[in-house]
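Chemist: Let me begin by handing over the structure; questions about it come next.
The values are calculated or read from the model by the stated rules, or taken from the named source; none is laboratory data. The structure displayed is predicted, hence computed values, not measured ones. FYI the Cβ positions are ideal-geometry reconstructions off the backbone, even for glycines, and counts take in every protein chain you see. Just the protein is used for accessible areas: all its heavy atoms, side chains included, with ligands, DNA and RNA removed. Shrake-Rupley method; radii C 1.70, N 1.55, O 1.52, S 1.80 Å.
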Amino acid sequence: ATMTFRRAVPHGELIEVAFEVLNPAKKQTAVVPLASTDTIPPTAVYSAQVVWNEGSKKWRGDLPPNKAQGEIFGASLVYRWTQVEVEEQNAVAGQKNLLTFSLASNALLLQGGAITISGLSGTAEDDNQNLEIIGTVGGAPFADVGVFSNNLGTLIFTLDFDVPVGTAFALTFSLKNPPSEQVPVSPTVELQLVNEIPPILIPPQIAAKTSGARCCLSSFDRPRLITATVRESTTLPDELNVLYFSLHSNVPLKAAATTITILGMRNTQSGAATLPISNSSSLSGAWLQDIGRLIFP
C-alpha cells in the first residue's frame with residue numbers, strides 16, 4: 001500500500017493509519033510488513049504489544065521479545081464448530097425418534113449456507129425433500145424443511161437467516177429408527193457457503209452426544225412401560241375399592257388404535273361384564289372376573 005500525505009508531518013508526531021484487506025483464503029506462514037518513506041528505508045513493523053519506554057523496546061504481555069515483529073496473515077481463521085452436540089429422544093426400534101443438534105461456530109453464518117448432517121444411516125425413514133425441521137437461533141424459534149436421503153444417510157438444510165459468531169442454534173427433526181438393533185452411528189456436521197469470497201467452509205465434525213443421552217439410531221430398546229404403579233383406596237374386606245393405575249410408556253400411544261390390558265386382579269366380587277373408568281366420563285373396560293383381566297381402549 002502506498003499513501004501520500006496531504007500535509008507535512010512534524011518530527012516525532014505519531015502517524016496512525018487503518019485500512020481493510022481480505023485475509024488469505026488458506027492458512028499460511030506469517031509475513032512481516034515493512035514501512036518506508038522517500039527518505040526512510042524499509043523498516044520492519046513491530047507488534048502493537050511492543051511499547052517504547054525511554055528509547056528501549058519493552059514487551060507488554062506474555063509473548064517473548066523475539067516475537068516482537070508485527071507478523072500478520074499467519075493466523076487466517078480456520079472455521080470450525082465451537083459446539084456440536086446431539087441427543088435423541090428414544091432408541092426404540094421402528095419408532096419415530098427426535099434428533100436435536102446444538103451448534104455454534106466461530107464464523108458469521110450467512111443466509112444461504114448449507115448445513116449437511118451425515119452418518120444418519122440405517123434408518124427406516126423414506127427419502128424426503130421436505131423433512132420438517134424446527135429449532136432456535138439465539139433462543140428465537142424457527143421452522144423450515146431440509147432434504148433427507150436414506151441411501152446417503154444425509155440431511156441438508158439451507159440457512160434462511162444469519163447466525164452471528166458464537167450464537168447457539170439448534171435443529172430438531174424426526175427420523176424413524178431402524179427396525180432392528182444396529183451399532184450406534186456418529187453423525188458429522190459441516191457447512192458450506194460457497195458464494196462468499198472467500199468461501200466459508202466448516203469441515204465435518206463429529207457431533208458428541210450430550211451428557212446422559214443415548215446416541216444415535218441404535219434401536220437397542222423395545223416398546224415398554226417405563227413406570228407402572230398402582231394404589232388402592234381401601235384394604236378393608238367387603239368394601240368398594242378404587243384402584244389407581246399410573247402408566248408411562250417409552251412410545252406414543254395412538255388414539256383409537258391402542259388397548260391397555262391389566263391382568264392379575266383375581267378374587268374380586270365384581271361380576272359385571274364392564275367396569276367404568278372412574279376418572280373418565282365415557283370410558284369403560286371389558287372385565288373378566290374369573291381371571292381378573294380388564295381391557296380398555
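Chemist: Give the residues of region 102-120 that are of a type outside the set (Gly, Ala, Ser) and either in a loop (DSSP other than H, G, I, E, B) or out of contact with any strand residue (DSSP E or B) (no Cβ under 7 Å at 6 or more places or on another chain) (or both), sorted by residue number.
Modeler: Asn106, Leu108, Leu110, Gln111, Leu120, listed by residue number.
Chemist: Which one of these is open to solvent by less than 60 Å² (accessible area, probe 1.4 Å) and within 25 Å of Pro179 (Cα to Cα): Ser105, Ser118?
Modeler: Ser118
Chemist: Examine region 189-204 for a residue that is open to solvent by less than 70 Å² (accessible area, probe 1.4 Å), within 16 Å of the chain's Cα centre (by Cα) and more than 16 Å from Ile117 (Cβ to Cβ), and state whether such a residue exists.
Modeler: no
Chemist: Now for a different question. On the given criteria, is Asn97 part of a loop (DSSP other than H, G, I, E, B), open to solvent by less than 30 Å² (accessible area, probe 1.4 Å) and in contact with a strand residue (DSSP E or B) (Cβ under 6 Å, 6 or more places away or on another chain)?
Modeler: So Asn97 does not fit the description; no.
Chemist: I've got another one for you. Test Glu239 against the criterion of being touching a Phe, Trp or Tyr at 6+ places or on another chain (Cβ under 7 Å) and part of a loop (DSSP other than H, G, I, E, B), and give yes or no.
Modeler: Here the answer is no, as Glu239 does not meet what is asked.
Chemist: I want to confirm something. Restricting to region 143-175 and keeping residues that are at negative phi, part of a loop (DSSP other than H, G, I, E, B) and in contact (Cβ under 8 Å) with a residue 40 or more places away in the chain, which single residue is surrounded by the most Cβ atoms within 10 Å (Cβ to Cβ)?
Modeler: Checking each candidate, the answer is Leu159.
Chemist: Can you name every residue in region 230-242 that is loosely packed, with under 10 Cβ neighbours inside 10 Å and within 43 Å of the chain's Cα centre (by Cα)?
Modeler: Residue satisfying the conditions is Arg231 alone.
Residue-wise test of (1) in contact with an Asp or Glu (Cβ under 6 Å, 6 or more places away or on another chain); (2) farther than 20 Å from Glu88 by Cβ.
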{"residue": "Pro141", "(1), (2)": "no, yes"}
{"residue": "Asp162", "(1), (2)": "no, yes"}
{"residue": "Gly166", "(1), (2)": "no, yes"}
{"residue": "Ala170", "(1), (2)": "no, no"}
{"residue": "Ser180", "(1), (2)": "no, no"}
{"residue": "Ser186", "(1), (2)": "no, no"}
{"residue": "Leu201", "(1), (2)": "no, yes"}
{"residue": "Pro204", "(1), (2)": "yes, no"}
{"residue": "Ala208", "(1), (2)": "yes, no"}
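Chemist: When both residues are 6+ apart or on different chains and their Cβ atoms are under 7 Å apart, which pairs have a first residue that lies in region 1-12 and is without any contact (Cβ under 8 Å) to a residue 24 or more places away in the chain, and a second that is open to solvent by less than 100 Å² (accessible area, probe 1.4 Å) and in a loop (DSSP other than H, G, I, E, B)?
Modeler: Hits for this filter: Met3/Val17; Val9/Ile15.
Chemist: Of the conditions (1) closer than 30 Å to Thr188 by Cα; (2) open to solvent by 60 Å² or more (accessible area, probe 1.4 Å), Phe245 satisfies every one except a single condition; which number is it?
Modeler: (1)
Chemist: Residues to consider are Thr258, Thr234; find the one that is within 29 Å of Lys96 (Cβ to Cβ), in a loop (DSSP other than H, G, I, E, B) and out of contact with any strand residue (DSSP E or B) (no Cβ under 9 Å at 6 or more places or on another chain).
Modeler: Among Thr258, Thr234, only Thr258 is within 29 Å of Lys96 (Cβ to Cβ), in a loop (DSSP other than H, G, I, E, B) and out of contact with any strand residue (DSSP E or B) (no Cβ under 9 Å at 6 or more places or on another chain).
Chemist: Tell me whether region 202-222 contains one or more residues that are at pLDDT 90 or above and farther than 30 Å from Trp81 by Cα.
Modeler: no
Chemist: Does region 274-297 contain any residue that is on the phi > 0 side of the Ramachandran plot, part of a loop (DSSP other than H, G, I, E, B) and exposed (fewer than 10 other Cβ atoms within 10 Å of the Cβ)?
Modeler: Within region 274-297 (the criterion being on the phi > 0 side of the Ramachandran plot, part of a loop (DSSP other than H, G, I, E, B) and exposed (fewer than 10 other Cβ atoms within 10 Å of the Cβ)), the answer is no, since none of the residues qualifies.
Chemist: Something else: Quick one: how many residues across region 121-132 are open to solvent by 30 Å² or more (accessible area, probe 1.4 Å), in contact (Cβ under 8 Å) with a residue 24 or more places away in the chain and either part of a strand (DSSP E or B) or closer than 15 Å to Leu152 by Cβ (or both)?
Modeler: 5
Chemist: Kindly indicate whether Gly135 is crowded, with 18+ Cβ neighbours inside 10 Å, of a type in the set (Gly, Ala, Ser) and either free of Cβ contacts under 8 Å to residues at least 60 places away in the same chain or assigned to a loop (DSSP other than H, G, I, E, B) (or both).
Modeler: Yes, satisfied.
Chemist: Within region 286-297, track down each residue that is in contact (Cβ under 8 Å) with a residue 24 or more places away in the chain and either under 19 Å from Ala256 (Cα atoms) or in contact with a helix residue (DSSP H, G or I) (Cβ under 7 Å, 6 or more places away or on another chain) (or both).
Modeler: Once the filter is applied, which keeps residues that are in contact (Cβ under 8 Å) with a residue 24 or more places away in the chain and either under 19 Å from Ala256 (Cα atoms) or in contact with a helix residue (DSSP H, G or I) (Cβ under 7 Å, 6 or more places away or on another chain) (or both), region 286-297 yields Leu294, Ile295, Phe296, Pro297.
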